[in-house]
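Right, one structure below, let's go through it.
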Amino acid sequence: MRILILLTILLGTSLISIQSSSAQVVVYKIDFEQEGDSINYSFYEDGWLVADATGGPASWVLTFFEGPLRRYITITDFGSLFYANQGSKVRAVISASASNGTPQTTFLAIGKPSQSVRKQNIKVEVASRLEGVTSSADDESELPFNIEDGNKGFAGFSKMTALLQRNRTDDANSNNLSVEETFADLTAYLERRGYTPFIVEEPVDPEEGDDVP
């Protein structure tokens with residue numbers, strides 16, 4: 001299952017804790033829809049992103065099915081939400097890339113700021129919708145395990161749409177929650193819906209195992 005390879009690399013990119021923040025919080029729901037040609041490619045069911053509304057490191061919850069089980073993984077400080085400008089033109093951007101190891105995966109979505117996020121007397125303009133693509137590919141020539149089904153290498157694209165979660169964003173800011181607290185609340189919500197965390201086990205090097213007499 002190619003998505004598990006991606007999980008390993010994404011988890012390896014960032015396992016540090018989210019830093020608490022008193023700034024505005026923004027929450028996006030992310031949908032993925034496969035498009036274009038692909039081979040041996042599968043991707044996430046959907047996801048969530050939490051960040052400082054003014055811009056900063058992004059923290060993700062990504063969901064997928066493992067057989068009949070509904071799973072989620074959390075990835076903190078993976079990529080960022082930022083605002084690019086060209087004169088008076090401003091665009092919100094979600095960008096993240098796992099380029100070291102297997103596989104090479106990118107997330108990119110862009111949207112026009114159109115709604116206000118308020119916390120106390122401070123207001124920030126954020127995008128209500130960002131659209132873009134994800135891509136993932138690898139030749140799987142250096143896998144730490146064998147592929148039992150005989151298929152090797154994968155590549156594919158998915159359309160990525162991030163929608164502002166107005167109620168969840170407003171609740172976080174009205175309750176003065178930090179990014180960290182909002183993220184914890186989100187994972188608790190998924191667990192109430194029946195999702196369980198996916199834990200990646202580190203591969204064991206046979207040379208580091210017990211000596212055979």
Determine, yes or no, whether VAL133 is within 30 Å of ASN40 (Cβ to Cβ) and touching a Lys or Arg at 6+ places or on another chain (Cβ under 7 Å).
yes
With respect to THR63, is the statement that it is surrounded by 15 or more Cβ atoms within 10 Å (Cβ to Cβ), assigned to a strand (DSSP E or B) and of a type in the set (Ser, Thr, Tyr) true?
yes
Look at the range 141-169 and say how many of its residues are modelled with pLDDT under 95 and surrounded by fewer than 16 Cβ atoms within 10 Å (Cβ to Cβ).
13
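Table: residues versus (1) surrounded by 16 or more Cβ atoms within 10 Å (Cβ to Cβ); (2) more than 14 Å from the chain's Cα centre (by Cα); (3) farther than 18 Å from LEU190 by Cβ.
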position: VAL25; (1), (2), (3): yes, yes, no
position: GLU35; (1), (2), (3): no, yes, yes
position: ASP52; (1), (2), (3): yes, yes, yes
position: ARG71; (1), (2), (3): yes, no, no
position: ILE75; (1), (2), (3): yes, no, no
position: ALA92; (1), (2), (3): yes, yes, yes
position: ALA96; (1), (2), (3): yes, no, yes
position: THR105; (1), (2), (3): yes, no, yes
position: LYS112; (1), (2), (3): no, yes, yes
Total residues in the range 66-89, condition under 26 Å from LYS112 (Cα atoms), in contact (Cβ under 8 Å) with a residue 24 or more places away in the chain and part of a strand (DSSP E or B)
5
Kindly provide the set of residues from the range 114-141 that are within 20 Å of ASP37 (Cα to Cα), in a strand (DSSP E or B) and over 18 Å from the mean Cα position of the chain (by Cα), ordered by number.
ASP138
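The values are calculated or read from the model by the stated rules, or taken from the named source; none is laboratory data. These numbers come from a predicted model, not from an experiment. Note that each Cβ is placed from the backbone with ideal geometry, even for glycine, and that neighbours are counted across all protein chains shown.
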